[in-house]
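A quick write-up on the structure given underneath.
The values are calculated or read from the model by the stated rules, or taken from the named source; none is laboratory data. Everything numeric here is computed off the predicted structure, so don't read it as measured data. Here the Cβ positions follow ideal geometry from the backbone for every residue, glycine too, while neighbour counts run over all protein chains shown. For accessibility, only protein heavy atoms count, side chains too; no ligands or nucleic acids. Shrake-Rupley method; radii C 1.70, N 1.55, O 1.52, S 1.80 Å.
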Amino acid sequence: MSIELTIFLITLFGLAGIGTPVGYSIIVSSIMYFTFGDMDVALAGEKILQGLYKSFVLLAVPLFITAANIMNVGTITDRLLSFCVAVVGRFKGGLGHVNVVASLIFSGMSGSAVADAAGIGKIIIGMMTKNGRYTKGYAAAITAASATIGPIIPPSIPMVLYSVISDTSIGYLFLAGIVPGLIMGLVLMIMNTIISHKRNFVTEEAVPISKLPKITSRAFPALLMPAILLYGIYGGVTTPTEAAAIAALYALFLTGIFYRSVSLKSLYQIFVDSARSSAAVGVVIGGAFILNYIVISENIPGALTVFLQELDVSPFMFLIFVNVLVLLLGCFLDATTIILVIVPLFIPVCKALGIDLIHFGVLVVVNSMIGLITPPYGILLFVINAVTGISLKEIISEIWMFIGVLIFALIIMILFPELILWLPEMFGYKS
């Protein structure tokens, strides 16, 4: 290990340890690396600009963030929830099922777990806890767990980031996320059914079938968004970035013109919040571009590949190792940091071991999403706590069973890669 790399790591972990945001920690540590390595410090800015110019798909990130924020402010969430209640609310644990199905639908619009939890999650928790139907902790836990589906079913901001660092097709990644997202929804609904019978939760009054067409028609324009996005990308009409722009424009059209539920003042605040969120992600992306240059300069991926090949590690064991590592890191780091900083180390090893990068990418994103609800620093736990006031102790006491079934779903995806690759292969992907 070179002296400059040693100084880089000490600075990085030191700054992160005292609470400095990861993006800033990487940038400052990189400047130290260039300084002690007798290199031009301007290389840091050059690598950020080169990375941005080569990654047009990164424009999709702020656009999807904007689309999600617009939908959370308007009446779209209310209409979607009414539709979900009419379809699955009649079953035992009905509002728990509504929670999961609403996340499945909303995930086809936002691509963000935090947007899902903060927007539609806040409303459904209020419905579940009204008159003591469900305990506060349980309502919050299943909301946090179902929000993890958001970035799995397309569109997906984490998959956009993975596409950039792995140079894989974002279109095929989006397709590969559909079946895993449905599997995650299914296992959550099964767990909700079991618990609802065990605890004898209230069964909601069934919405008459005669009212279903009217409720569906009210939600239909919002339900069209996933179809528009998928047709645009896979019909060859738009690129993923252009599809993200269409998603933001369509959300603005629905809330501002069709439903008339957004004022100019609230729209201004939406753009401000979207800019702040995009900037926060952008700092981490910029730091990741510099870090990738340092990692390549130090030949860390090559050394790691040689080391694993000498150990004669099988592809299956490597996948197990990486997924356990990501699961542990998810307890302390956010998904963006894991994907942009940690995952690039393993891409060359995947290529050397013959592991499909689309399969690997979906596993990493699913694993990172599970990390969002894993104590002690699962960000979705804090989001739910902030928007509802439900204590972290109550949420954490109920979240473990949902973490367990999501890990079970992840194991299924590791063992049966064809579940992930089936749809991409139908559209011409060669695994």
**Asked** Any idea of Val341's accessible area? Nearest 10 Å², probe 1.4 Å.
**Response** 20 Å²
**Fill in**
Note: Leu264 to Met401 extended length (0.36 nm per residue) minus current alpha-carbon separation gives 45.0 nm
**Request:** In a Gaussian network model over the chain where Cα atoms closer than 10 Å are linked, find which of Arg276, Arg199, Arg133 has the largest mean-square fluctuation.
**Result:** Arg199
**Prompt:** Based on the alpha-carbon gyration tensor of the stretch 143-298, what equivalent-ellipsoid semi-axes (square roots of 5 times the eigenvalues) come out, in whole Å, largest first?
**Reply:** 33, 24, 18
**Request:** Rounded to the nearest 500, what is the 222 nm mean residue ellipticity of the chain from helices alone, with -39500 (n - 2.57) per DSSP H run of 4+ residues and division by all residues?
**Result:** -24000 deg cm²/dmol
**Item:** With 10 Å bins from 0: P(r) over the stretch 183-227, alpha-carbon pairs, percent
**Value:** 21, 26, 42, 12
**Request:** Consider a paramagnetic label point 7 Å from the Cα of Ile31 along Cα→Cβ; state which residues of the stretch 272-290 have an amide N under 14 Å from it.
**Result:** 287
**Request:** Provide the per-residue ³J(HN,Hα) series for the stretch 290-306, in order, calculated from phi with Karplus coefficients 6.51, -1.76, 1.60 and θ = phi - 60°, each as a whole number of Hz, with x at glycine and proline positions.
**Result:** 5, 4, 4, 5, 5, 4, 5, 4, 8, 6, 5, x, x, 5, 5, 4, 4
**Fill in**
Hydrodynamic calc, the stretch 207-275: Kirkwood Rh from Cα pairs, then Stokes-Einstein at 4 °C with viscosity 1.567 mPa s, so D in µm² s⁻¹ is 93 µm²/s
**Asked** Roughly what would the spin-label model give for Leu49 and Leu415, points 7 Å off Cα along C-beta, in nm?
**Response** 5.2 nm
**Item:** Karplus-derived 3J(HN,Hα), 6.51/-1.76/1.60, for each residue of the stretch 355-367, Hz, glycine and proline x
**Value:** 7, 5, 6, 5, 4, 4, x, 5, 4, 5, 5, 4, 4
**Prompt:** Roughly speaking, to the nearest percent, how much of the chain's 1.4 Å accessible area is carbon and sulfur?
**Reply:** 69 percent
**Fill in**
Note to self: Kirkwood Rh of the chain, Cα pairs, one decimal, Å, is 22.4 Å
**Message:** Could you tell me the calculated FRET efficiency between Leu186 and Thr6, based on Cβ-Cβ distance and R0 = 60 angstrom, to the nearest 0.05?
**Reply:** 0.80
**Prompt:** How large are Rg and Dmax for the stretch 127-192 when only the alpha carbon atoms are used, in Å?
**Reply:** 15.4, 51
**Asked** Going from the alpha-carbon gyration tensor of the stretch 291-344, what semi-axes, largest first and in whole Å, does one get by taking the root of 5 times each eigenvalue?
**Response** 20, 18, 6
**Prompt:** Under 5 Å between amide H atoms, partner at least 5 residues away or on a different chain: which partners does Thr238 have, H built in plane at 1.01 Å?
**Reply:** Ile233
**Asked** In whole Å, what is the distance between the alpha-carbon centres of the stretch 5-84 and the stretch 351-422?
**Response** 21 Å
**Pairwise Cα inverse-distance average, inverted: Kirkwood Rh of the stretch 272-431 (Å)** = 17.5 Å
**Asked** Amide H to amide H under 5 Å from Gly378: which residues, 5+ apart in sequence or cross-chain, H placed 1.01 Å off N in plane?
**Response** none
**Complete:** The relative contact order of the chain, taking Cα pairs under 8 Å that sit 6 or more residues apart, comes to a percentage of 24 percent
**Request:** Please turn the phi angles of the stretch 227-240 into ³J(HN,Hα) values with the Karplus equation 6.51 cos²θ - 1.76 cosθ + 1.60 (θ = phi - 60°), one per residue in order, whole Hz, x for glycine and proline.
**Result:** 5, 4, 4, 5, 5, x, 6, 8, x, x, 7, 9, 7, x
**Request:** Only loop residues by DSSP count here, and only those with at most 13 other Cβ atoms within 10 Å; note down the chymotrypsin sites (Phe, Trp or Tyr not before Pro) in the stretch 162-214 that meet that.
**Result:** none
**Fill in**
Going through Lys92/Lys198; Lys47/Lys351; Lys54/Lys351 one by one, the pairs whose alpha carbons sit over 19 Å apart turn out to be Lys47/Lys351; Lys54/Lys351
**Prompt:** Ala303 to Val237: FRET efficiency via 1/(1 + (r/R0)^6), r the Cβ-Cβ distance, R0 41 Å, to the nearest 0.05?
**Reply:** 0.40
**Complete:** In whole percents, the bins of 5 Å from zero upward hold the Cα-Cα pairs of the stretch 374-414 as 6, 23, 26, 20, 13, 8, 4, 0
**Asked** Mind ordering 179-187, 282-290 by average Cβ neighbours within 10 Å, highest first?
**Response** 282-290, 179-187
**Prompt:** Which whole-number value in Å² is the accessible area per residue of the chain, probe 1.4 Å?
**Reply:** 43 Å²
